[in-house]
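Coordinate-derived values only; no laboratory data. These numbers were taken from a predicted model, which means no experiment stands behind them. Quick reminder, even Gly has a Cβ in these numbers, built from the backbone with ideal geometry, and neighbours come from all protein chains shown.
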Amino acid sequence: MRILKGLGSLIALLVLLVGIPVGLIVFAGNPIPSWDEVMRLTSVPDYGGKFFMGTLLPIVAWILWGTFAIGFLVELPAQLRRVPAPRLPGLRLQQQGAGFLIAAVVVMFAGVSPAIATPSSASAAEPTAAAAAVSSTITPAAAVEAHTDTAVAAEAPTYTVQDGDSLWRIAQQTLGSGERWKEIADLNYGVEQADGWSLTPENWLNAGWVLTLPSDAPSGASSTAETAVETTTVEKEVTVVSGDTLWAIAEQELGDGNRYPEIFDATKDDVQPDGRHLTDPDLIYPGWVVDVPVTVEATVPVAPPVETGGVEDVAPGAGTSETGADAGASSHVDEGAGAQADVDELAGGAVGAIPGATTAPGAADDATTGQEPAEQAPAAEQAPAAEQAADDAADTDWIDEIFNVRTAGGLGALAAAGLLVFLGVRRMKQRRDRKPGQRISMPEGAASDMELALRAVENPLGMDHVDHALRHLAAWAQETGNALPPVYALRLSDVEIALYLDAPAELPAPFVEVSDDKMAWSVDPEELPPLERVPSAPYPALVTLGQDLGDAHVMVDLEHIGALNMIGSDESVRGALTGLAVELATSQWAEDLRITLVGIAPELPEALDTGRFRHVDNVDALLHTLRAQATETERALEELGVDSIEQARSAGLEAESWTPEIVILGAMPDEQARAELADLVTRLPRVGIAAITAGELAGDWTMHLDDDHTAQLQIPAAEHTLPLTPQIVNAEEYASILQLLDSSDQVVTNDSEWAPVDEVTLDDLPPADTTLRDVEEDIRVEDGDADEWKSILHSLLPAKSVDVVATPVDENAEEADEAAVDETVEEADEAAVDETVEAAVGVAVDETDADVAAEAPEHAPEAATKEPAGPVRPIVPLRGAPYVQILGPVQIVGAQGPAPKTPATSKTNQSVVQRATELIAFLALNPRATAVQVHGALWPGKDPHGGAAQQTRNSHTSRARSWLGVSPAGEQYLPRVGAEGYRLREEVRTDWQLWLDLVGEDPASAPTANLTQALRLVKGQPFEGVKEKFYGWAEPIRYEIIAAVGDAAHELATRSLRAGDCANARLAAAVGRMVDPVNEIFWRDALKAEHQAGDSTGVERLVKQLESHLDSFEDGYEAEPETQELIASIRRRDAS
């Protein structure tokens, strides 16, 4: 449609600018009359109309053509240069017409390029819930019957329209909400104005019109507004070009990017050249024209002030300049958004408009669907719940965060997610094998950068959605006796999953038919019901070939298509084959798959030891194996009485998985082997063998690689090609991936100088020493885990008879803590209390502890002469300057400035808060960072010197600075960037730094009081709960913290067990299991503490939880021999 509109506009321009003058010259000649002809006309009538037709009409035509040509000449450079075109008096229609045609042509040549970032369209609110946010859509309703009751009109308040006014702005000024624009429109449709015109459904306004307002508008709204100030707002038109954002336009035209909502409000009612409206401040297209409100002196109405978050500009610093700009609407134009064309091409032309934003509750993805955004009702008609949802959406959208869907080298988001899952399993094994004092190996250099790049693009949620959708189909087919649909391709976008079939089929709800021939279906992943049982993956050979123009992942089922031919340069083909191999080896739905590499990536089978890989050099031996497999498959299908593997996989609840074999050839074999392999992969029915080859092997599925970034997929069903960005693993990234995987397979290192003592044996355990605490505080209830944990939580409170190294604590605070413990335990679920463990740690250290303390000492105090027998209150206060909590959920505690606000709602913008939190946490752990380091950490994969890079950094830094606030001495906690780079003042510390003050590098030499206090700082796993794709830079420090906290917990547990202090032993074991549950040493510490306390019920509860935890790794996964022996010994002793 975009191309058709562009071509039509181009033809129209040629006709208007060239065709008309040529026609006038040919048919009318020179229309200017001679003096004699003029004189003759004054004395002789124009018989036959010769003068009228041959002179007067051509002259009028030339004048009209000239005015249009002038409008064209004014609009053309303005639109190409993205500057406002001057308004020519009397030529408004000509300019608008020329601008419309030029914009359509610009869009055709530039490509529809959506700007998606602030907030991400993938997380936008539902249309009905978004009307209260800045991105509300205003769609005029059909014209209603004009109001002709003159008596009512005379009594109603009125408003006189000024230049630059819109219905939205008038409603905001006079009624307090722009959302009420339709009420004004309904009152004025068809009412004739002084100039003879009237308001129509197109909602054009002329200056001087007098509009009737709703009865609740303030009386005299017009006159009051007119005399409020001596300025008026007029609108300059700016044409959007590739790379533009509303933020950037506001920054350039208005001098302040924070004013982007004004542009949005002024433009949202305009019909754009492609027929659409601006509905999302973060989704604009090249060729669109936006209205920029600029102020000139006059006496006209003004809008009420709009809060912009209070972000102050930042003066340039040494080395890096800061503007303090708000990134609330910063975004980038992602080149190419012809996703609907991709959908049609992928479906072979059978697919109509697949619902995008209209079917997904969370987004309006024009870039993915090519659809117009769904119409929205005005907010006045919304239910309160919808209004609240709109506010929530405005608060939680992620500003200026468009993450790449592939790494710089070309590896896609799904393959990245699979690699990181594999890496996580490897590291879990390293942590499981780690002994106290050891550290797991971590990547360095290029390998570390590669991990950061993978984390920046991974899409584990998308991987889960695809897996869920496919297994839902498998379960449906097996339970109903239907055959699996013959899927040959799948398209994963931000809002839906689309399936393309090579034969008509009926799919179950919530799949939606999107083509009349029933060969294309889509589903919103959020609507899929949970799986009651998990069948085998029905399409294990599904793999990503690349991303289409809308950045949606295009996948094909290799098993179904049989052969995929790769054509291109050796380097590009090798990279594409490697990328496919990596994804197949780590795919979540490819658990039943065999991959054979021939002449390509020989290191991968060992590096990615998933059990799916093998590398062979002997093609003849491979063909012998494949022949036997094909024969066996055909025999099995015949015995089952089915025609295809798809039918076999849906043959009842006990259906086999039918493992396919995928052969990836880096070079074409000899002619005989090539012919035999071609026969195997093209047999019908398919026999579970597919080949991806460098060169043409068989079939019509061919991918032409123009280079590493562009490819054309030839689809037999479509009879044309689909443009893709191919999935590639280039040589540099391949080497980095191998290094990364190698680091996760290395043995742990002994970096710590601490030499831990051996674990305490049961024979070493003394009886629990009840003299160390008042008996009245040891509330022991035999029945029920909740009562048992109530006792444990009470035991974590300070003992009255203990000498502590701590600041004095008010008894009222102790009573409050005890009350909090009682309340928490009574409300807690039995399993939740122990599984999270946080109740056992966090309740004892109430949040109010941090609020009653003074500034932290620089160094931890020496140990008391008498070691405390139980936990004590923190000796390191956490109040004064803001501090950063990373030992658990990441938080900024004690920020002195106002939290960032969302201009549309004046509520705290949680997305900005969370991004500012990450920046502050990074600077707290990486002082004096450079701009490149900051950008690489928070926006990995993005060019730190790109066009919007500095603006983005400055915006976040400015907001974080404003939020942190200033010290009592008036100094900013986040100083302006200077020669020392990005940094925080020394007073702003992290709880990890406080931990190090208490424990140091050697927990064995730390006083017991310090270990206890340090453990009470821990609220959960380090950096717990951070949003996906963020904090990738924190992985190394996260693992260091896990190891350090674990070592300290084990040290305290060992000391406490030897001293008979089961309360402290329980605390230490609980914290250890919380931060590193995969390491069984903490489970053993907990079992010993329960045994020392004489609590056999507690022992069995822990054993049950350990078994459940191990089953989460793998069904039937067994505990370590030491743990099994300990459990057996405890049971024997309890039984005796």
Which of the three applies to the range 455-514, rounded, prolate or oblate, going by the alpha-carbon gyration tensor with a ≥ b ≥ c and a/c under 1.5 meaning rounded?
prolate
Assertion target for 1001, 671, ordered by fewest C-beta neighbours within 10 angstrom first, is 671, 1001
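Are any of the pairs 435/1088; 907/1027; 236/268; 182/268; 429/1104; 182/236 more than 23 Å apart by Cα-Cα distance, and if so, which?
Working: 435/1088 18 Å; 907/1027 21 Å; 236/268 14 Å; 182/268 14 Å; 429/1104 21 Å; 182/236 25 Å.
Beyond 23 Å: 182/236.
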Just for the range 460-740, what percent of DSSP beta bridges are antiparallel, to the closest 5?
60
Check: the range 880-956 dipole with +1 on Lys, Arg Cβ and -1 on Asp, Glu Cβ, in debye
120
Summed residue charge, Cβ within 10 Å of residue 561's Cβ, Lys/Arg positive, Asp/Glu negative
-3
Shape call for the range 899-990 from the C-alpha gyration tensor, a ≥ b ≥ c root eigenvalues: rounded (a/c under 1.5), prolate (a/b greater than b/c) or oblate?
oblate
With 10 angstrom as the radius, rank 493, 1096 by how many other C-beta atoms surround their C-beta, starting from the fewest.
1096, 493
Once you order the gyration tensor axes a ≥ b ≥ c over the Cα atoms, which shape class does the range 413-457 get: rounded for a/c under 1.5, otherwise prolate or oblate by comparing a/b with b/c?
oblate
Count the net charge of all other residues whose Cβ sits under 12 Å from the Cβ of residue 608, scoring Lys and Arg as +1 and Asp and Glu as -1.
-3
A correct fewest-to-most ranking of 234, 1078, 18 by other Cβ atoms within 10 Å would be 18, 234, 1078
Reduced to Cα centres, the span from the range 1001-1035 to the range 1103-1133 in Å works out to 26
